Protein chains: 2
Amino acid sequence: MAGLGTPRGRLFLVPAPLDFGCDVVTDVRQTLPDASLRAAASLAHWVCENAKTARAYLKRIDAVHPLCVPIQAMQIIELPREVHKKGDHDGSFDARHLMTPALQGHDMGLLSEAGMPAIADPGSSVVRAAHDLELEVVPLVGPMSLMLALAASGMNGQDFAFVGYIPSSPAERVARIRALEAQALGRGQTQLLIETPYRNPALLASLLQTLAPETRLATASGLGMPGETCRSASVKTWRAKGWECDKSTPTVFAIGR
Amino acid sequence: MAGLGTPRGRLFLVPAPLDFGCDVVTDVRQTLPDASLRAAASLAHWVCENAKTARAYLKRIDAVHPLCVPIQAMQIIELPREVHKKGDHDGSFDARHLMTPALQGHDMGLLSEAGMPAIADPGSSVVRAAHDLELEVVPLVGPMSLMLALAASGMNGQDFAFVGYIPSSPAERVARIRALEAQALGRGQTQLLIETPYRNPALLASLLQTLAPETRLATASGLGMPGETCRSASVKTWRAKGWECDKSTPTVFAIGR
């Protein structure tokens, strides 16, 4: 156990490029600032969603800034499976035991599969645990698909919500889309949502069938990758143009006015 | 007028460091990836909130990547005053006339005072205009205080809303805080809000007086600057610790469970 005088480690929230799981692999310097890469390269203790992809990302960082210890010598802990499935934002998972290295004085990193950990991804239980143990929490700058998509939508960025995934059963989905549209048009609060890529075409079809012709719909697909496309137009225009959304590219959808 | 064969320019959404208007000035490479700085250095046509601060930022970029033309030779257009005051997300300001350089084939940049344009800042009218003119819109990666704060809060990042500023009159403010708390506790939707820095202590006092003892409150102050501090704890703990929030540091507040 660390003595009273041992300085505690910090928890760094380490963003990842948005191309995880996609065919293309970009240079990490394209979307991560140098300070974030340097901080990541200095860490030997990690909590992540998936150790295999974490190691792949660490190799990409190593090509830019040599890692402080070989990957094989790092401690890389995966969040438990149940956290992947149902998320860890409801307080039911206590992650304090994962913070032992920090209590022993080691800085730690939290990593998710793409973008910022704990946003549209697991990890918030780890951040909460760090605060509860009075560890310093340091978020690092990197790509955040939701905000890139929001800025590129041209919709209200002074009042917005991210609602995650919406139901996939047809009746529930239509009801949810109508409720989101009411928020977007009535209060003027832009509504952001995502879908598992292979269901993108089905979600787009539901949106185009359900939303009113004058409602604005935006998509941001393949952010940070070659072929990145940001669209924003009325539903009427979407229908007239016949724009589509492919089933292999991560996409953020936005409903607004 | 450009002929049919003239390629149109693109609109780049250029993020700025979070230290605008603050005493400290960080190296832009700390929080902006190389691709964003290179893209910004290649632009000679800008739309911004304030030409003076835009020029100051361009000088900082020039120190890293030489600008394509001298700043004096750039076209830097300010958004009109009424847009600063009441925002431009309601569709009342038509920004298409600002896009003339892009129609003539020049890439353009949109810039706000800190962070990402069009998020918690003006600029969405310009993005909308670009889409309406079928120009390509390219959001660049950079620091986004709201998402850094959300990730660092340890609160729900699968369902969240940013509500901007809340009323400053005491009765309205209390009512609004209660409504936000109800959303945060009932639906589990994290609520993010901001305040003009000099009013931070008053907002914090209202939150600590109004929220229930078990409600979680988080702040992220001075993100990207020396002394950056992220706190997250129950209101009860906040009161017991006597944590404060200073009146000169940009701060994001979050209410959650």
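Data table
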{"quantity": "Strands (runs of 3 or more DSSP E) contained in the stretch B:1-83 and holding at least 1 residues within 14 Å of chain A (Cβ to nearest Cβ) and closer than 25 Å to residue A:224 by Cα", "calculated": "B:11-14, B:45-48"}
{"quantity": "Selected residue (criterion: farthest from residue A:32 (Cα to Cα)) from residues of the stretch B:28-73 that are in contact (Cβ under 8 Å) with a residue 60 or more places away in the chain and of a type in the set (S, T, N, Q)", "calculated": "B:50"}
{"quantity": "Some residue of the stretch B:106-117 being aliphatic (A, V, I, L, M), surrounded by fewer than 24 Cβ atoms within 10 Å (Cβ to Cβ) and facing chain A (nearest Cβ under 9 Å)", "calculated": "no"}
{"quantity": "The stretch A:211-240: number of residues that are under 27 Å from residue A:175 (Cβ atoms) and either of a type in the set (A, V, I, L, M, F, W, C) or part of a helix (DSSP H, G or I) (or both)", "calculated": "12"}
{"quantity": "Check on residue B:92, of a type in the set (S, T, N, Q), surrounded by fewer than 20 Cβ atoms within 10 Å (Cβ to Cβ) and without any contact (Cβ under 8 Å) to a residue 40 or more places away in the chain", "calculated": "yes"}
{"quantity": "Residues being over 20 Å from residue B:161 (Cβ atoms), within 14 Å of another protein chain (Cβ to nearest Cβ) and surrounded by 15 or more Cβ atoms within 10 Å (Cβ to Cβ) - total across the stretch B:200-235", "calculated": "9"}
{"quantity": "Filtered residues of the stretch B:138-166 (kept if assigned to a helix (DSSP H, G or I) and of a type in the set (A, V, I, L, M))", "calculated": "B:146, B:147, B:148, B:149, B:150, B:151, B:152"}
{"quantity": "Candidate set from the stretch A:119-132 (those that are assigned to a loop (DSSP other than H, G, I, E, B) and touching a residue at least 60 places away in the same chain (Cβ under 8 Å)); member that is surrounded by the fewest Cβ atoms within 10 Å (Cβ to Cβ)", "calculated": "A:121"}
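For every residue, the table says whether it meets (1) farther than 27 Å from residue A:122 by Cβ; (2) more than 10 Å from every other protein chain (Cβ to nearest Cβ); (3) surrounded by fewer than 18 Cβ atoms within 10 Å (Cβ to Cβ); (4) in contact with a Leu (Cβ under 7 Å, 6 or more places away or on another chain).
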| residue | (1), (2), (3), (4) |
| --- | --- |
| B:166 | yes, yes, no, yes |
| B:178 | yes, yes, yes, no |
| B:183 | no, no, no, no |
| B:188 | no, no, yes, no |
| B:195 | yes, yes, no, yes |
| B:255 | no, yes, no, yes |
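For every residue, the table says whether it meets (1) of a type outside the set (Phe, Trp, Tyr); (2) in contact with a Pro (Cβ under 9 Å, 6 or more places away or on another chain); (3) under 19 Å from residue A:237 (Cβ atoms).
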| position | (1), (2), (3) |
| --- | --- |
| B:89 | yes, yes, no |
| B:99 | yes, no, yes |
| B:116 | yes, yes, no |
| B:127 | yes, yes, yes |
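A short reminder: the numbers here are calculations on the coordinates, not readings from a lab. Computed from a predicted structure; not experimentally measured. Ideal geometry is used to build each Cβ from the backbone, glycine not excepted, and the neighbour counts take in all protein chains shown.
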